[in-house]
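Q: I'd like to ask you about the structure that follows.
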Amino acid sequence: MLDALSKSFFHALARSQSLERFASRVGMAKPTSFARRFIAGETADEAIEAARAIQASGMLLTLDQLGESITTLTEAEAATQVYLTLIEKIRAAGIDRNISIKPTQLGLDIDAAVCVDNVKRILDVAKSHDFFVRIDMENTPYIQKTLDMFSSVWSQGYRNTGVVLQSAVFRAEEDAKAVSKMGARVRLVKGAYKEPSAVAYQAKADVDAAYVRIMKYLMTDGHYPAIATHDPRMIDATKAFAAEKGIPKDRYEFQMLYGIRRDLQTALVAEGYRMRVYVPFGKQWFPYFMRRLGERPANVGFVLKGIFGER
Ligand code: FDA
C-alpha cells in the first residue's frame with residue numbers, strides 16, 4: 001500500500017515542469033550534486049568515464065541515453081543519431097559493447113513504422129560492431145507496441161537484441177513464454193511504473209511472487225536471462241534455484257542500476273556471478289530520477305542534503 005502511494009506521489013511530482021526546471025538547474029551542476037548518485041553524467045563522455053571504473057571492478061555494462069516520450073519525429077531522429085554516435089564512442093573507448101534503448105525515445109508513440117526503422121538502423125550498426133541492444137520496457141500502454149516492434153525486427157533476422165518484461169504486469173508470464181519460444185533474451189524486472197489494478201499487481205508480495213515464478217521459467221526455458229533487481233530475496237531465490245537445477249553461472253546474469261546497492265553488486269562479483277550495471281546519462285534525467293525516488297522514499301533525505309549542500 002505504502003509502496004503504491006509512494007510511486008503515485010513521485011510519478012505525480014515527475015509531471016511538475018517547475019520542479020523539473022529547478023532540479024535540472026541544480027541536480028547535476030557539480031560533481032557532488034544530488035542527481036549524480038543515480039545518473040552517470042549529462043554527456044556520453046562522462047558516462048564512459050564512469051563505465052570504465054565500473055568495468056575495472058569486474059562488472060559488465062549497459063549504457064543508456066536518457067530520454068522518453070518525445071513528441072516529434074525530429075526528436076526521434078536526433079535520439080537515433082545519439083545512439084549511433086554512442087556506439088562509435090563505446091567502441092573507441094574499448095568498453096563493454098551493450099546499450100539500452102527506449103522505444104518512445106525513438107518515435108514509438110508517433111509512428112510505429114519510423115520507430116522500427118530507427119531501431120533497425122541502430123541494430124545494423126550495433127551488429128557490425130558486435131553490440132547487444134536491450135529494448136527497455138515502458139508503461140503498459142506501450143507493452144504490446146514494443147513487443148510488436150521487437151517481433152518485427154526479430155522476424156527480419158536481427159538477433160543482437162532482447163526485451164524487458166515486468167513481473168508487476170499480469171501479462172508478463174505469458175509474454176515470457178512467447179519471447180522465450182522465439183529464442184530471444186529477456187531482462188526480468190519488477191516494473192518501475194505506477195500501473196492500474198486492471199493490468200498489474202498492486203501488492204509488493206504479489207509482484208515478488210510473480211518475479212520468482214518468471215525467474216524460474218526463464219532460468220530453465222529462457223535464453224541467457226538477465227535477473228535485474230536490487231532485492232536480496234530475489235537474488236537469493238535465483239542463486240538457490242540455479243544451484244538446485246545445476247545451472248552454471250555463465251548461463252545468466254544479474255543486473256542493477258548505477259548507484260544502487262553497490263555493496264550487493266560488489267558482493268556478487270566477488271562470488272563469481274556475472275553482474276551488469278545499467279549506466280544512464282543525458283540531460284533528460286528528471287523522469288528516470290523521480291522513478292528512483294519513488295522506489296525508495298529514503299532517497300529524498302539524500303536529495304535534500306544535496307540541495308542544502310549546493311548553497
Ligand atoms: P524493490 O523495489 O523491491 O527493491 C528492493 C531493494 O532494493 C530495496 O529494499 C532497496 O534496498 C533497494 N532499492 C531498490 N530501488 C532503490 C532505489 N531507487 N534507491 C535505493 N535503493 C533501492 N523497469 C521498467 O519498468 N522497465 C525497464 O526497462 C527497466 N529496466 C531496468 C534495468 C535494470 C538493470 C534494473 C536493475 C532495473 C530496471 N527497471 C526497469 C527498474 C525495475 O523495474 C524496478 O523499478 C527497480 O529495479 C526496483 O525494483 P527492485 O527489483 O530492485 O526491488
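Q: Would you check which residues across region 264-294 are aliphatic (A, V, I, L, M) and either away from the ligand (no atom under 12 Å from the Cβ) or assigned by TED's automatic domain parsing to the domain that holds Asn139 (or both) and list them?
A: Selection gives Leu264, Ala267, Leu268, Val269, Ala270, Met275, Val277, Val279.
Q: Going by what's in this entry, would Tyr211 be described as outside any strand (DSSP E or B) and within 12 Å of the ligand (Cβ to nearest atom)?
A: It is true that Tyr211 is outside any strand (DSSP E or B) and within 12 Å of the ligand (Cβ to nearest atom).
Q: Sticking with this one: Where residues in region 243-256 are within 19 Å of Gly58 (Cβ to Cβ) and touching a helix residue (DSSP H, G or I) at 6+ places or on another chain (Cβ under 7 Å), which of them is farthest from the ligand (Cβ to nearest atom)? Explain how you work it out, then say what you get.
A: Let us first name the residues in region 243-256 that are within 19 Å of Gly58 (Cβ to Cβ), namely 248-256.
Okay, now just the ones that are also touching a helix residue (DSSP H, G or I) at 6+ places or on another chain (Cβ under 7 Å), so 252, 254, 256.
Numbers: Tyr252: 13, Phe254: 9, Met256: 5 Å.
Checking each candidate, the answer is Tyr252.
Q: List pairs: first residue in region 287-299 and more than 14 Å from Leu19 (Cβ to Cβ), second residue more than 6 Å from the ligand (Cβ to nearest atom) anywhere in the structure, Cβ distance under 6 angstrom, at least six positions apart or on different chains.
A: Every condition considered, the pairs that remain are Tyr288/Leu66; Tyr288/Pro280; Arg292/Phe38; Pro297/Ser6; Asn299/Leu293.
Q: On the given criteria, is Ala226 more than 17 Å from Ala176 (Cα to Cα), open to solvent by less than 50 Å² (accessible area, probe 1.4 Å) and out of contact with any Ser or Thr (no Cβ under 7 Å at 6 or more places or on another chain)?
A: No: the conditions fail for Ala226.
Q: Just the residues that are open to solvent by 50 Å² or more (accessible area, probe 1.4 Å) and touching a residue at least 24 places away in the same chain (Cβ under 8 Å), please, taken from region 48-57.
A: Of everything in region 48-57, those that are open to solvent by 50 Å² or more (accessible area, probe 1.4 Å) and touching a residue at least 24 places away in the same chain (Cβ under 8 Å) turn out to be Arg52, Gln55, Ser57.
Q: Could you pull out every one of the helices (runs of 4 or more DSSP H) wholly within region 66-185 that has 3 or more residues that are open to solvent by less than 10 Å² (accessible area, probe 1.4 Å), more than 29 Å from Ala53 (Cβ to Cβ) and charged (D, E, K, R)?
A: By residue number, no helices (runs of 4 or more DSSP H) qualify.
Q: Does region 23-39 contain at least one residue that is surrounded by fewer than 20 Cβ atoms within 10 Å (Cβ to Cβ) and aliphatic (A, V, I, L, M)?
A: There is at least one residue in region 23-39 that is surrounded by fewer than 20 Cβ atoms within 10 Å (Cβ to Cβ) and aliphatic (A, V, I, L, M).
Q: Here is a follow-up. Conditions: (1) open to solvent by 50 Å² or more (accessible area, probe 1.4 Å); (2) over 22 Å from Lys102 (Cα atoms); (3) within 12 Å of the ligand (Cβ to nearest atom); (4) in contact (Cβ under 8 Å) with a residue 40 or more places away in the chain. Arg261 meets all but one. Number of the miss?
A: Every condition holds for Arg261 apart from (4).
Q: Could you look through region 193-206, keep only residues that are buried (at least 19 other Cβ atoms within 10 Å of the Cβ) and not in a strand (DSSP E or B), and pick out the one that is modelled with the lowest pLDDT?
A: Filtering region 193-206 down to residues buried (at least 19 other Cβ atoms within 10 Å of the Cβ) leaves 194-195, 200-201.
Keeping just the survivors that are not in a strand (DSSP E or B) gives 194-195, 201.
Numbers: Lys194: 91, Glu195: 96, Tyr201: 98.
Going through the qualifying residues, I end up with Lys194.
Q: Quick check on region 136-143. Is at least one of its residues closer than 22 Å to Val279 by Cβ and away from the ligand (no atom under 11 Å from the Cβ)? Don't jump to the end; show me each part of the working.
A: Residues of region 136-143 closer than 22 Å to Val279 by Cβ: 136-138.
Retained after the next criterion (residues that are away from the ligand (no atom under 11 Å from the Cβ)): none.
Within region 136-143, none of the residues are closer than 22 Å to Val279 by Cβ and away from the ligand (no atom under 11 Å from the Cβ).
Q: To continue, here is another question. Tell me the residue from Tyr224, Tyr201, Tyr211 that is closer than 25 Å to Phe38 by Cα and not acidic (Asp, Glu), please.
A: Step by step, each of Tyr224, Tyr201, Tyr211 is checked, and only Tyr211 is closer than 25 Å to Phe38 by Cα and not acidic (Asp, Glu).
Q: Just one of (1) in contact (Cβ under 8 Å) with a residue 40 or more places away in the chain; (2) more than 14 Å from the ligand (Cβ to nearest atom); (3) not basic (Lys, Arg) trips up Asp148, so point out which.
A: Looking at each condition in turn, Asp148 falls short on (1).
The values are calculated or read from the model by the stated rules, or taken from the named source; none is laboratory data. Note that the coordinates shown come from a computational prediction; the quantities given were computed from them, not determined experimentally. Glycine gets a Cβ as well: all are built from the backbone with ideal geometry, and neighbour counts include every protein chain shown. Areas reflect the complete protein model, heavy atoms only, side chains present, ligands, DNA and RNA absent. Shrake-Rupley method; radii C 1.70, N 1.55, O 1.52, S 1.80 Å.
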